[in-house]
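The values are calculated or read from the model by the stated rules, or taken from the named source; none is laboratory data. Nothing here was measured: the structure is a model prediction, and the numbers come from that model. Glycine also receives a Cβ, built like all others from the backbone with ideal geometry; neighbour counts cover every protein chain displayed.
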Ligand code: ADP
């Protein structure tokens, strides 16, 4: 075998340590498969309050204790601790950068009291980025690839290409920056620039300046050697217009030749109805009748009457505009007129939390809602529902539609980003379809797709054939991880 690669994977969230969304799933699954394929990949993330020393068997690293790290004209201390991400096949080392004042809080990015971003998020992630570089220098570890993810890590690219441009340790290191969601860019006032400690020349439109502010995602985009996004369609969308690029579409366009879209995979050790320990009854594409046990349990959970002939439509999501909840809000009365039951698990924007809380009271026999984050219930919804609704305005990749496919829960999605790349419409392709797809971001179109799904559900033979096709689709990480490794290798060959 050719020489194994060494990769540092930098992310602000990784399951099971801390999670707000799909980034955490990717940040655990991808490194584990890369490791399985024989490469030395390690992860680094901030040590948030949720990262419990006892629960995760975290230990100190003596020589990385109380490292002085610059933050503007202050110097703060950061310590690195370590643990492992283990699954049946591999062990991946995870470093945690700790500073209690900055990271030991009840939520990762947002103050739950105000529902607004922590006011010092600039400092929290500038410190993190500098801490990551300091860690590598002190370890003397020379990664071939530093793989950065989203805005929280973007400054590392800028620092390595300016302040550390002559550092021998990073002489041959290449930087990959992955955009998981272009809507979250880490924009802070221009006055925050000083805190980065970057040379003055970086505060310009060709650097991380963004209309007088600083933009940490832009830092990643401008200085990385390679950009990736999490699906091929999303890679095109973000350079198409502002609706997808959120003001960075010009930068995405400029960097088009350095950008590639690689569809995320899903962790099939966690999301697999044949071995899932979180659901009442495991099942496979040869025992579809066993799925009914889960449907029954799901209805019971939400106090809905169980009827095999009535399709249950599931939703598991952040309750954010991005996910299409304005369409659902607009069409809820119409949806409730259909012969369906709707179950919703989610948390986020108050207007949507209120919408579903009220609707659950109004439509007692048709709609169940759980406001909150609940991993186990997410599994039950995937296993017990017949269909899954995901009408996103934009969706960089999306994982829930892949989980739904694997659980034979046919997804109803809008044709955007990773949804367009992973679901095929059953009416358009009766022999290949795995779900229902609509094009325009309009309430009526979404309603039309749900109606088509309800109609198809009535035809048991067609429905079960589609379920089986969906369950057989290989969306595991194996194929995607190999593409990342190829990309790393290609990059290393470049001068
Ligand atoms: P995003 O990263 O935009 O939130 P994804 O579909 O890529 O969307 O990933 C969302 C992940 O978060 C999935 O693993 C999903 O099951 C999980 N998730 C979202 N909301 C909840 C919730 N309320 N309870 C449990 N899991 C949730």
Checked against (1) buried (at least 17 other Cβ atoms within 10 Å of the Cβ); (2) without any contact (Cβ under 8 Å) to a residue 12 or more places away in the chain, residue 363 satisfies every condition except (2)
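Could you grab me the full set of residues in the stretch 87-103 that are within 19 Å of residue 54 (Cα to Cα) and in contact with a strand residue (DSSP E or B) (Cβ under 8 Å, 6 or more places away or on another chain)? Let's see the steps before the verdict.
Our first condition is that a residue be within 19 Å of residue 54 (Cα to Cα); within the stretch 87-103, this holds for 87, 91-100, 103.
If the condition is that a residue be within 19 Å of residue 54 (Cα to Cα) and in contact with a strand residue (DSSP E or B) (Cβ under 8 Å, 6 or more places away or on another chain), then 91, 92, 93, 94, 95, 96, 97, 98, 99, 103 are the ones that fit.
Quick check on the stretch 450-471. Is at least one of its residues over 30 Å from residue 245 (Cβ atoms) and within 15 Å of the ligand (Cβ to nearest atom)? Break it down stepwise before answering.
Taking the stretch 450-471 as the starting set, the residues that turn out to be over 30 Å from residue 245 (Cβ atoms) are 451-471.
Filter once more, keeping what is within 15 Å of the ligand (Cβ to nearest atom): none.
No, that holds for no residue.
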Which residues, counting only those in the stretch 441-495, are touching a helix residue (DSSP H, G or I) at 6+ places or on another chain (Cβ under 6 Å) and not in a helix (DSSP H, G or I)?
473, 475
When you look at residue 33, is it more than 16 Å from residue 95 (Cα to Cα) and buried (at least 16 other Cβ atoms within 10 Å of the Cβ), yes or no?
yes
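May I ask you to verify whether residue 450 is more than 24 Å from residue 20 (Cβ to Cβ) and surrounded by 23 or more Cβ atoms within 10 Å (Cβ to Cβ)?
On the way: more than 24 Å from residue 20 (Cβ to Cβ): yes; surrounded by 23 or more Cβ atoms within 10 Å (Cβ to Cβ): yes.
Against the criterion (more than 24 Å from residue 20 (Cβ to Cβ) and surrounded by 23 or more Cβ atoms within 10 Å (Cβ to Cβ)), residue 450 qualifies.
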I'd like the residue in the stretch 333-359 that is over 19 Å from residue 411 (Cβ atoms) and surrounded by 21 or more Cβ atoms within 10 Å (Cβ to Cβ) and, out of all such residues, is farthest from the ligand (Cβ to nearest atom).
359
With criteria (1) surrounded by fewer than 16 Cβ atoms within 10 Å (Cβ to Cβ); (2) in contact (Cβ under 8 Å) with a residue 24 or more places away in the chain; (3) touching a helix residue (DSSP H, G or I) at 6+ places or on another chain (Cβ under 8 Å), residue 241 comes up short on (2)
Just one of the numbered conditions (1) surrounded by fewer than 23 Cβ atoms within 10 Å (Cβ to Cβ); (2) touching a residue at least 12 places away in the same chain (Cβ under 8 Å); (3) assigned to a helix (DSSP H, G or I) is not true of residue 295; which one?
(1)
Can you tell me which of 26, 51 is buried (at least 16 other Cβ atoms within 10 Å of the Cβ), in contact (Cβ under 8 Å) with a residue 40 or more places away in the chain and more than 18 Å from the chain's Cα centre (by Cα)?
51
Are any residues in the stretch 406-439 in contact with a strand residue (DSSP E or B) (Cβ under 8 Å, 6 or more places away or on another chain) and farther than 28 Å from residue 286 by Cβ, and if so, which ones?
414, 415, 420, 438, 439
Subset of the stretch 391-418 [without any contact (Cβ under 8 Å) to a residue 40 or more places away in the chain and near the ligand (Cβ under 10 Å from one of its atoms)]:
401
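For the stretch 249-263, state whether one or more residues are part of a loop (DSSP other than H, G, I, E, B), farther than 24 Å from residue 402 by Cα and touching a helix residue (DSSP H, G or I) at 6+ places or on another chain (Cβ under 9 Å).
Pass one, the stretch 249-263, residues part of a loop (DSSP other than H, G, I, E, B): 255, 262-263.
This time we only want the ones that are farther than 24 Å from residue 402 by Cα, so: 255.
Applying the additional criterion that residues be touching a helix residue (DSSP H, G or I) at 6+ places or on another chain (Cβ under 9 Å) yields 255.
Yes, there is a match, as at least one residue in the stretch 249-263 is part of a loop (DSSP other than H, G, I, E, B), farther than 24 Å from residue 402 by Cα and touching a helix residue (DSSP H, G or I) at 6+ places or on another chain (Cβ under 9 Å).
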Which of the helices (runs of 4 or more DSSP H) found entirely inside the stretch 92-185 contain at least 3 residues meeting this: in contact (Cβ under 8 Å) with a residue 60 or more places away in the chain and surrounded by fewer than 24 Cβ atoms within 10 Å (Cβ to Cβ)?
121-139
Going by what's in this entry, would residue 316 be described as surrounded by 17 or more Cβ atoms within 10 Å (Cβ to Cβ), more than 30 Å from residue 481 (Cα to Cα) and in contact (Cβ under 8 Å) with a residue 12 or more places away in the chain?
no
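Looking at the structure I just gave you, is residue 239 more than 21 Å from the chain's Cα centre (by Cα), in the same structural domain as residue 145 (by TED's automatic domain parsing) and closer than 24 Å to residue 480 by Cα?
Details: more than 21 Å from the chain's Cα centre (by Cα): no; in the same structural domain as residue 145 (by TED's automatic domain parsing): yes; closer than 24 Å to residue 480 by Cα: yes.
Spelling it out, it is not the case that residue 239 is more than 21 Å from the chain's Cα centre (by Cα), in the same structural domain as residue 145 (by TED's automatic domain parsing) and closer than 24 Å to residue 480 by Cα.
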Those residues that are within 12 Å of residue 248 (Cβ to Cβ) and part of a helix (DSSP H, G or I), I need them from the stretch 212-228; list them, please.
216, 217, 218, 219, 220, 221, 222
Farther than 20 Å from residue 278 by Cβ and within 16 Å of the ligand (Cβ to nearest atom): is that true of residue 320 in this structure?
yes
